[in-house]
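First the structure, in the form of structure tokens, and then the observations on it.
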Amino acid sequence: MKGSFVAFIPGTRGDNLKQYLERRSRGADSERGAVDGRPLIMRRGTTLALMGGALISGEFWMWTLIVPAFRRAAVWQWPGSPVTPDVAVGLLMSVAVVTVIIVAAVMLFTEVDGRGIHRPDWAGGDFIPWSSVTGVSTGASPEALTVRAGKKKVTLSLMLFCDPAALVSLIRNKVPADLLRNI
């Protein structure tokens, strides 16, 4: 059999992370990591294409199906309103979709290298050096790591990295073992 499947076996979160890394990092060199301060490689092109397609598709279906359905159902009709309620609903939904895309883009353009974590922000970005990290743990699923540094909290999605084992290896090398939970 060309590919093998790993079944979910209940256990600790660390076991789930180990299984996930084994599935995703077959054939990748986990020792390579972030060499010479370069950031780990992410799947940006593919993810940006999927996000763009999802945005265009979502907006198309919203304005061709959902907004006309609200118009036919006469939802939120009030006399003397300067704005048509169905257009307002469509704009609110568009804002919600764009907000989700922005949150995903921030996760996508967060870079991890030998110096720390660089997260984009409206005001130039955030930098969290490895020396200021106060804790790293797995999230609700083994595909996400939560890095805390004081009041700052960054979620790293392992699915976005080409070699998630290199990311975990880098974190294990840079953060003291007593600050790692379920990793």
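Taken together, the values in this text are just the output of simple stated rules run on the coordinates, not laboratory data. These numbers were taken from a predicted model, which means no experiment stands behind them. Every residue, glycine among them, receives a Cβ derived from its backbone with ideal geometry; neighbour counts consider all protein chains shown.
Amide H to amide H, with H built 1.01 Å from N, D126 comes under 5 Å of R119, D121, counting only residues 5 or more places away or on other chains. Amide H contacts under 5 Å for A144: G139, L158, restricted to partners 5 or more places along the chain or on a different chain, H placed in the peptide plane at 1.01 Å from N.
Were the residues from T134 through L179 laid out at 0.36 nm apart, the gain over their Cα-Cα distance would be 15.6 nm.
Taking a ≥ b ≥ c as the square roots of the Cα gyration tensor eigenvalues, the range 116-183 comes out oblate, since a/c reaches at least 1.5 and a/b does not exceed b/c.
Residue-wise HN-Hα couplings along the range 153-165, as the Karplus relation 6.51 cos²θ - 1.76 cosθ + 1.60 with θ = phi - 60° gives them from phi, are 9, 10, 9, 9, 8, 5, 5, 7, 9, 5, 10, x, 5 Hz; Gly and Pro carry x. Packing, as the average of other Cβ atoms within 10 Å across residues, places the peptides 153-160, 127-134 in the order 153-160, 127-134, highest first.
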